[in-house]
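Heads up, the thing below is written out as structure tokens.
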Amino acid sequence: MLKNIKKVKTSDLELKDRLVSIQRVTKVTKGGRTFSFSAIVVVGNENGVVGYGLGKAGEVTTAIGKAVEEAKKNLVKVPVLKGTIPHEQAAKYGGAKVWLKPATSGSGVKAGGAMRAVLESAGVTDILAKSKGSSNPHNLVKATLAALIELRDANEVAYQRQVNLDKVFNG
């Protein structure tokens, strides 16, 4: 599924984090219920670099901190051209299916909660996005990232086909 992952180093990047979801989870033990928190965070430099992380802890702030550190370890580079994506792309993760389509300048980010956080962190300013199936934020974040990772720009296509850039567009 994730063939062409381009990992990125965190040094020299000014990353912004966005909290996607926070959940209170309960573990039932012989002594009663134990509450903890699970947080999903997306980080990105709003210029084509994005990553996500999941953190679990007894306190909300600790869970968010763990999620941010995890997200910084999972950064990937995605192609963003003039504020949108190079082509349509669909992806699936678990029960969540996402569909991304490039939009003209000034359209804005037409996407819901978890998808919006990923797309804005990646630096996409104009896009049409649709999610089908599960609305689980964890799976939506992973499906959106999978779709972004599978995107290819014209230079990459020309390199993989070992042809000139003009031949990519003119067949």
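The values are calculated or read from the model by the stated rules, or taken from the named source; none is laboratory data. If you're wondering where the values come from, they're calculated on a predicted model, not measured in any experiment. Don't worry about glycine lacking a Cβ; one is built from the backbone with ideal geometry, like all the others, and counts go over all protein chains shown.
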Can you name the number of the only condition in (1) in contact with a strand residue (DSSP E or B) (Cβ under 6 Å, 6 or more places away or on another chain); (2) farther than 15 Å from Ala117 by Cα; (3) modelled with pLDDT of 95 or more that Thr34 fails?
(3)
Determine which single condition Val141 fails, assuming it passes every other condition in (1) part of a strand (DSSP E or B); (2) in contact with a helix residue (DSSP H, G or I) (Cβ under 8 Å, 6 or more places away or on another chain).
(1)
Can you confirm whether segment 17-31 contains a residue that is in contact with a His (Cβ under 7 Å, 6 or more places away or on another chain) and either in contact (Cβ under 8 Å) with a residue 12 or more places away in the chain or surrounded by fewer than 18 Cβ atoms within 10 Å (Cβ to Cβ) (or both)?
no
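If we scan segment 107-123, do we find a residue that is assigned to a loop (DSSP other than H, G, I, E, B), within 18 Å of Lys77 (Cα to Cα), at pLDDT 90 or above and out of contact with any helix residue (DSSP H, G or I) (no Cβ under 9 Å at 6 or more places or on another chain)?
If we filter segment 107-123 for residues that are assigned to a loop (DSSP other than H, G, I, E, B), which is where we start, we get 107-108, 111-112, 123.
Checking the rest, the ones that are also within 18 Å of Lys77 (Cα to Cα) come to 123.
Keeping just the survivors that are at pLDDT 90 or above gives 123.
Checking which are out of contact with any helix residue (DSSP H, G or I) (no Cβ under 9 Å at 6 or more places or on another chain) leaves us with 123.
Yes: segment 107-123 contains one or more residues that are assigned to a loop (DSSP other than H, G, I, E, B), within 18 Å of Lys77 (Cα to Cα), at pLDDT 90 or above and out of contact with any helix residue (DSSP H, G or I) (no Cβ under 9 Å at 6 or more places or on another chain).
Residue by residue through segment 121-149, note down the ones that are over 9 Å from the mean Cα position of the chain (by Cα) and closer than 23 Å to Gly108 by Cβ. Even if it seems obvious, please write down each step before you answer.
Kept after step one, since they are over 9 Å from the mean Cα position of the chain (by Cα), are these residues of segment 121-149: 123-139.
Across segment 121-149, the qualifying residues are Gly123, Val124, Thr125, Asp126, Ile127, Leu128, Ala129, Lys130, Ser131, Lys132, Ser135, Pro137.
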Give the residues of segment 87-146 that are over 19 Å from Leu54 (Cβ atoms) and among the aromatic types (Phe, Trp, Tyr), sorted by residue number.
Trp99
Restrict the check to segment 37-46 and report whether at least one residue is assigned to a strand (DSSP E or B), touching a residue at least 40 places away in the same chain (Cβ under 8 Å) and not aliphatic (A, V, I, L, M).
yes
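Within the bounds of segment 34-46, is there any residue that is out of contact with any Pro (no Cβ under 7 Å at 6 or more places or on another chain), surrounded by fewer than 16 Cβ atoms within 10 Å (Cβ to Cβ) and not assigned by TED's automatic domain parsing to the domain that holds Val157?
From segment 34-46, those out of contact with any Pro (no Cβ under 7 Å at 6 or more places or on another chain) are 34-39, 41-46; that's our starting set.
Subsequent filtering for residues that are surrounded by fewer than 16 Cβ atoms within 10 Å (Cβ to Cβ) retains 34-35.
Within this subset, residues satisfying the condition of being not assigned by TED's automatic domain parsing to the domain that holds Val157 are 34-35.
Within segment 34-46 (the criterion being out of contact with any Pro (no Cβ under 7 Å at 6 or more places or on another chain), surrounded by fewer than 16 Cβ atoms within 10 Å (Cβ to Cβ) and not assigned by TED's automatic domain parsing to the domain that holds Val157), the answer is yes, since at least one residue qualifies.
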Complete set of residues in segment 114-156 that are among the basic types (Lys, Arg), in contact (Cβ under 8 Å) with a residue 60 or more places away in the chain and surrounded by 19 or more Cβ atoms within 10 Å (Cβ to Cβ):
Lys142
Given the conditions (1) outside any strand (DSSP E or B); (2) farther than 22 Å from Asn139 by Cβ, report the number of the one that Lys66 does not fulfil.
(2)
